[in-house]
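Asker: One structure, as structure tokens, below. Some questions next.
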Amino acid sequence: MWNKRESPLRIEKRFEFEEYSKISKFMQKIESLCKEKDIYPNISFGKNFVSLSIFLDTEEISSREKDFSKDVDKFYLED
């Protein structure tokens, strides 16, 4: 589940991985999705995780942002 945060307003999620090689594949899929949807989240990663934060312009999460987050979740479940 994506978490909604304030100051600054955003949604965020942390994805855990057992192998570093899976992070690389996941990041490649996210890169393509960012270009396709024109949404560029803040991304941080380490040995076994990737964290994404999507900053919001309004209190409501747009359908574009919802679709993006659902696609990212789908990529995670594929690996």
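Values quoted throughout were computed directly from the atomic coordinates according to the rules given, and no laboratory measurement underlies them. None of the values given here were measured: they were computed from a predicted structure. Every residue, glycine as well, gets a Cβ built from its backbone with ideal geometry; the counts of neighbours run over all protein chains shown.
Asker: Mind checking the angle between helix 20-37 and the chain's longest principal axis? C-alpha axes, 0 to 90 degrees, to the nearest 10.
Answerer: 40 degrees
Asker: Could you point to the label whose value was computed as Cα Rg over 2.2 N^0.38 Å for the structure here, given [x] 1.76; [y] 1.18; [z] 1.06?
Answerer: [z]
Asker: Using alpha carbons only, how many degrees (0 to 90, rounded to 10) separate the axis of helix 63-78 from the longest principal axis of the chain?
Answerer: Once rounded, one gets 20 degrees.
Asker: I want the local charge near S53. Using Cβ-Cβ distances under 9 Å, sum +1 for each Lys or Arg and -1 for each Asp or Glu among the other residues.
Answerer: Values: positive: R5, R10, K13; negative: E12.
Residues near S53 contribute +2 overall.
Asker: Sorted from fewest to most neighbouring beta carbons within 10 Å, what does the list L33, L9, L77, L52 look like? Before the final figure, lay out the partial values.
Answerer: On the way: L33 17, L9 14, L77 7, L52 20.
By the 10 Å Cβ count, ascending, the order reads L77, L9, L33, L52.
Asker: With the chain treated as a Gaussian network of Cα nodes joined by springs under 10 Å, which of E31, E60, E12 yields the largest mean-square fluctuation?
Answerer: For the chain, modelled as a Gaussian network with Cα springs under 10 Å, the answer is E60.
Asker: With a sphere of radius 13 Å drawn around the Cβ of K4, what net charge do the other residues whose Cβ falls strictly inside it have (Lys, Arg +1; Asp, Glu -1)?
Answerer: Numbers: positive: R5, R10, K13, K66; negative: E6, E12, E59, E60, E65.
Every neighbour counted, the sum reads -1.
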